[in-house]
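Before any comments, here is the structure.
The values are calculated or read from the model by the stated rules, or taken from the named source; none is laboratory data. Computed from a predicted structure; not experimentally measured. Reconstructed Cβ throughout: ideal geometry from the backbone, glycine too, with neighbour counts over all protein chains shown. Only protein heavy atoms, including side chains, enter the accessible area calculation; ligands, DNA and RNA are left aside. Shrake-Rupley method; radii C 1.70, N 1.55, O 1.52, S 1.80 Å.
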Amino acid sequence: MELTEQSIQAYAGQRRKMIEEQLSGRGIKDLSVMEVLSRVPRHLFVGSSLRHRAYGDYPLPIGENQTISQPYIVGLMTEVLQLKGSERVLEIGTGSGYQTAILAELASQVFTIERIKTIAQKTKKLLEGLRYKNIIFKTFDGTYGWRDQSPFDAILISAATPSIPTSLIEQLADNGRLVAPIGGRESQDLIILNKKGDQITQQKIGDCKFVPLIGKFAWSEDERFH
Ligand code: SAH
């Protein structure tokens, strides 16, 4: 779709309904999160045949067996990071770029890593077309993190992992926060981790089901099929 003002602002009514029913209706309270989700054109982050379903209460396929996360999960993961605007954020699993755009609206810089080249290229083009200037892209295995840009004030892992790669905890700044789906292949706990000096605390904030994080410090490619 061509990125005109009109195509970007379409579906405003559905966006408003999404905020009311799926976010505030389920306990999301942060006004800045809701304001951003009411503005970012989610319909442009899915294929044209799925556009009319973009604001539904579910994830949707984005090709290569990957999915764009459910709006509520995006809202919840963003809210717990408590972004104030000055943060440098690391995102693992760019995917459609929808969560990336939300983070870019609320933080200073977003470093995002995607392992599938075709997805990374398509998403970079879309986010540049939408005029985001504070997103830095990399196509790589995100379980290594992005050491030369660390530390990060916040880290968001957008794919399910059996445990949090230690490289990512190392790259989290003091007082930093990390949100991730941790667990098995079928379902995971959404957890928020806080780092204060040497102290790491972790709290469950919900249940979720993400596609797997595939990489050196998560699942291997083969295990995907087991
Ligand atoms: N928040 C994204 C979620 C996309 S699905 C969205 O709403 O669109 C998760 C993404 O993580 C997929 O695109 C997948 O290819 C990617 N991924 C899986 N393992 C990865 C890894 N080790 N490094 C980087 N990206 C990874």
Item to complete: Would you grab the residues whose amide H sits under 5 Å from the one on Ile191? Only those 5+ places off in sequence or on another chain, please, with H modelled 1.01 Å from N.
Response: Ala180, Ile182, Ile205
Worksheet item: Just how large is the dipole of the chain about the Cα centre, in debye to the nearest 20, putting +1 at every Lys and Arg Cβ and -1 at every Asp and Glu Cβ?
Response: 420 debye
Worksheet item: By accessible area of protein heavy atoms, probe 1.4 Å, what ranking do Met77, Met34 get, highest first?
Response: Met34, Met77
Worksheet, complete the sentence: Between Thr94 and residues 5 or more places away or on another chain, the pairs with built amide H atoms under 5 Å apart involve Ile113, Glu114, Arg115
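What do you get for GluC sites (Glu not before Pro) in the range 121-226 restricted to DSSP loop and a cutoff of at most 11 other Cβ within 10 Å of the site's Cβ? Display every interim value, and only then the final one.
On the way: sites: Glu128, Glu170, Glu186, Glu221, Glu223; in loops: Glu186, Glu221.
The qualifying sites are Glu186, Glu221.
Does the range 103-151 come out rounded, prolate or oblate by the C-alpha gyration tensor, with a ≥ b ≥ c the root eigenvalues, rounded set by a/c under 1.5 and, if not, prolate when a/b is larger than b/c and oblate if not? Please list the in-between numbers first.
Details: a/c = 2.71, a/b = 1.11, b/c = 2.44.
Oblate, because a/c is 1.5 or more while a/b does not exceed b/c.
Filter the DSSP H helices in the chain by two things, a Kyte-Doolittle mean of at least 0.5 and an axial alpha-carbon span of 15 angstrom or more, and list the hits by number.
Values: long enough: 71-81 (16 Å, 1.35); 117-129 (18 Å, -0.81).
Span-like helices in the chain: 71-81.
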Worksheet item: Which of the lysines could be linked to Lys84 by a straight reach, that is with a Cα gap under 16 Å, when you skip same-chain ones fewer than 8 residues away?
Response: Lys29
Worksheet item: Percent relative contact order of the chain, based on C-alpha pairs within less than 8 angstrom and at least six residues apart?
Response: 14 percent
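To the nearest 500 deg cm²/dmol, what mean residue ellipticity at 222 nm is calculated for the chain from DSSP H runs of n ≥ 4 alone, each contributing -39,500 (n - 2.57), summed and divided by the residues? Walk me through the intermediate numbers first.
Numbers: 7 runs with 57 residues, N = 226.
It lands at -7000 deg cm²/dmol.
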Worksheet item: In the chain, what percent of the accessible surface is made up of carbon and sulfur (1.4 Å probe, ligands and nucleic acids excluded)?
Response: 49 percent
